[in-house]
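Everything below concerns the one structure shown next.
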Amino acid sequence: MRLAVCELPDGLELGSPTWLTFIERVGDLDPDLLVLNEMPLGDWIADRRGPNAAVAERFAKPYDELVKELLSLPWATFGSRPVQRGELLANEAFLVDEGHYRPVHHKQYFPQEAGWYEQDWFAPAINGFDVVDRGNVHIGALLCTELMFNEWARHYRRRGANVIAVPRATGALDTKWRAAGAMAAVVSGCYVASSNRSAHEGTRPSQFGGGGFVFAPSGELLAQTTASEPIAVVEVDLDLVVEAQRAYPSYVPEIG
C-alpha cells in the first residue's frame, strides 16, 4: 500500500490555487491512502478563547464541502473535521473510501494554553479508540495531542492495527513530536503516519510547524515533509508489522 502524508498551510480554502495544486500533485503520486492534517481548513479556531456558537458554526461549515470533494477522489483519505455536537464541537477522525464516509474516533485529549485553547471549543461525543478497516489495512487514530499517550498506541496493537494515523496541528517538529511518533511505532509495531498544519508569512496564528512524518514499525523515520516537498509517500509492508508485533517490546503483555 502506498501511504501519503502532507503539510498544508494555515488558512487553507477549498478551490484555492494551493488546494488545487495539492490535489493534482497527490494524483500524480497515486497513493492508496492520504493522511490529512488535523482539521485542515480555514484559520485555527483554538487560538482564541471560547466557546462562541457563531464562530464554531462558521469553522465547521466548510467541512461538508471538503467531505463531498474527498468522496469524489480515487484514493482513500484519513483526516479529521469539526462536527457540531451540543454546545461544543467534536473533533472527528474519519476515513473516506470508495464513496463512503466513515466516522472513526472523537478526540479525547485537549490542550489548554495560548494558541491551543481546545478545551474551550471541543469535547468528544463518542468515547473510545476504535480501529477502522480498509481491506487488509487496519487503521487506528491518534489526533494530535493523543500521540503523547503511548497506552493508546499499545491499545491499537492489541486491536490488530497495522497503521496509526496522526493528523496534527502543532508547532515545530521538535524532540517531543519525533519521540512520540517513534515510540508509538515501537510500542505498537505499527506504521505511524502524521500530517501537520504549516504556517506562512502573514498567517494568523503563525506557530504551526509543518513536518509530516512516517515512522516504520521499528521506530525508524522513513519520510518527512518540508515546505518545498509538502507531500511524502512510503510503501507500507505489512510483513514488517507482523515481525515488529512479535518482537520486543510490542509483544510484552500487560499483567493485571
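Below, the figures for the structure above:
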read-out	value
Long-range HN-HN contacts of R134 with modeled amide H, under 5 Å	I139
Per-residue [θ]222 nm for the chain (sum of -39500 (n - 2.57) over DSSP H runs n ≥ 4, rounded to 500)	-7500 deg cm²/dmol
Proximal charge balance of A193 [Cβ under 15 Å; K/R count +1, D/E count -1]	-3
Neighbourhood net charge (14 Å Cβ-Cβ; Lys/Arg +1, Asp/Glu -1) for V35	+1
Chymotrypsin sites (Phe, Trp or Tyr not before Pro) restricted to DSSP loop in the range 174-256 with at most 13 other C-beta within 10 Å	Y251
Taking the chain and dividing mean pair separation by its residue count, relative contact order in percent (alpha carbons under 8 Å, at least six apart)	21
Gyration tensor (alpha-carbon) shape descriptor, the range 104-256, a/c threshold 1.5	oblate
Of all DSSP beta bridges in the chain, antiparallel share, percent nearest 5	65
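Since every read-out is calculated from the coordinates, none of them should be taken as a lab result. Small disclaimer: the values here were computed from a predicted structure and weren't measured. Note: ideal-geometry Cβ built from the backbone for every residue, glycine included; neighbour counts use all protein chains shown.
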